[in-house]
Structures are given as C-alpha cells and as structure tokens.
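Chemist: Structure in structure tokens, see below.
The values are calculated or read from the model by the stated rules, or taken from the named source; none is laboratory data. Note that the structure is predicted; figures quoted are calculated from it, not measured. Reconstructed Cβ throughout: ideal geometry from the backbone, glycine too, with neighbour counts over all protein chains shown. These accessible areas exclude ligands, DNA and RNA; they are computed on the full protein's heavy atoms, side chains included. Shrake-Rupley method; radii C 1.70, N 1.55, O 1.52, S 1.80 Å.
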Amino acid sequence: MIDLLEDKIMREEKIRLSKWEIYCLYFFIYAFLGWLLETLYSLFVLGHFTNRGFLYGPICPIYGYGALILLIFLRKYKKNSIQLFVIAAIIFTVFEYLVSFGLDALFAMHWWDYTQDFMNLNGRVSIFYTFAWGFIAIFFLNHIHPFFKKKINLLLSKIPYTVQSISLKMIFVIFIVDTILSCIRYVM
C-alpha cells in the first residue's frame, strides 16, 4: 500500500501543467501584478486605496491579456527591439482603445481618461501610452517575464501537480464568478 502511494507521488511530481495551463497561470499572475501596480499608483497619486480594476477581486484582466499577447504572439520579436517596439505600440494602442470602447459601450463607464494628454484619441488612448506600451513590451519580454518565469518554475517544482491543477481551476472559477458579478454590478 505504501509502495503504491509512493509510486503515485513520484508519477505526480513528474507531471507538469500543460502549456495552456501555464498561460492561464501567467494571466492571473500578471493580472494581479497589474492590479497591484494600478493600486499603488492610485495610492501615491490620490493618497488613499482605490480598487482600480473592473472586478471585485484583486486583478486587472487587461494586464493579464496584455501579457498573453506578448507571450503568445509577440515573443518572436524579442531579439529585434525596434520591431517589437513598433508592433507592440500599435497592437496595445488598438487593444487599449477597443477595451475602453467596449467597456464604455457595455457599461457606460470610463476606467481611464486621457483627454488631458497630448495627442489623445477620444480620451481612450494617447501618444504617451503608445510609446509606453512599446517600451513596456521590450522590458517585459527581456526582464520581467524571465524573472517571474524562473521564480514560478522554481515554485511549481516544489508543489505537487494535483495541488497546482486544483488551485488553478479554483482561481479560474473564482475569476468567472467575479466577472459575472462585476458585470451585473455595472449593468444595474
């Protein structure tokens, strides 16, 4: 009986999260870090805590989706910083505009407003952030993600696959429930 249990544990330790589960994990990590960044910015600028996200929970999905766009589609430009900068600046400006437009159309609310910024388009995007997205993409792919990837891999190597998988599924379910409840909150 003990041998069977040990064999199961040994097999389990060799099982790794799939590529898509890893992307899901990255989504949640970077969405949380984005929320943290926004919250700290708000704390320093406004002088008090403000939940800057769309959801009740401590994540800003736009940062998670942005990280996935970089990791899945733009990673191939990592070695060419100029090309990465230009493509990321364009893609993320369009992405930011579409998200802003979508949130406004669905909920008649603005989560950010760049109307006071130089060269803005309907207050949804501005030239400053267009350039920022290009620089952030380079910094993210060359420094931020490699750092977190190393730490995440180290942490995952110490956690049994079953715990990883169940935890990820629980976080995903909480995210879906949070998204539904948040949508209801803004519609009402």
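Chemist: Looking at the range 148-168, which of its residues are open to solvent by 70 Å² or more (accessible area, probe 1.4 Å), within 17 Å of residue 27 (Cβ to Cβ) and among the hydrophobic types (A, V, I, L, M, F, W, C)?
Modeler: Answer for the range 148-168, where residues must be open to solvent by 70 Å² or more (accessible area, probe 1.4 Å), within 17 Å of residue 27 (Cβ to Cβ) and among the hydrophobic types (A, V, I, L, M, F, W, C): just 155.
Chemist: Of the residues 136, 72, 82, which single one is out of contact with any strand residue (DSSP E or B) (no Cβ under 9 Å at 6 or more places or on another chain), among the β-branched types (Val, Ile, Thr), surrounded by fewer than 18 Cβ atoms within 10 Å (Cβ to Cβ) and closer than 28 Å to residue 175 by Cα?
Modeler: So the residue among 136, 72, 82 that is out of contact with any strand residue (DSSP E or B) (no Cβ under 9 Å at 6 or more places or on another chain), among the β-branched types (Val, Ile, Thr), surrounded by fewer than 18 Cβ atoms within 10 Å (Cβ to Cβ) and closer than 28 Å to residue 175 by Cα is 72.
Chemist: Can you say whether residue 64 is touching a helix residue (DSSP H, G or I) at 6+ places or on another chain (Cβ under 9 Å) and modelled with pLDDT of 90 or more, as far as the supplied structure shows?
Modeler: Answer is yes for this residue.
Chemist: How about the range 177-188: which of its residues are part of a helix (DSSP H, G or I) and open to solvent by 70 Å² or more (accessible area, probe 1.4 Å)?
Modeler: Those that are part of a helix (DSSP H, G or I) and open to solvent by 70 Å² or more (accessible area, probe 1.4 Å): 177, 180, 181, 184, 185, 187.
Chemist: Every residue in the range 153-184 that is touching a residue at least 40 places away in the same chain (Cβ under 8 Å) and either small (Gly, Ala, Ser) or closer than 21 Å to residue 73 by Cα (or both), please.
Modeler: 165, 182
Chemist: Here is a check on your reading of the model: is residue 171 in a helix (DSSP H, G or I) and surrounded by fewer than 12 Cβ atoms within 10 Å (Cβ to Cβ)?
Modeler: For residue 171, the condition - in a helix (DSSP H, G or I) and surrounded by fewer than 12 Cβ atoms within 10 Å (Cβ to Cβ) - is not met.
Chemist: Just give me the residues in the range 110-133 being on the phi > 0 side of the Ramachandran plot and open to solvent by 60 Å² or more (accessible area, probe 1.4 Å), in sequence order.
Modeler: Across the range 110-133, the qualifying residues are 119, 122.
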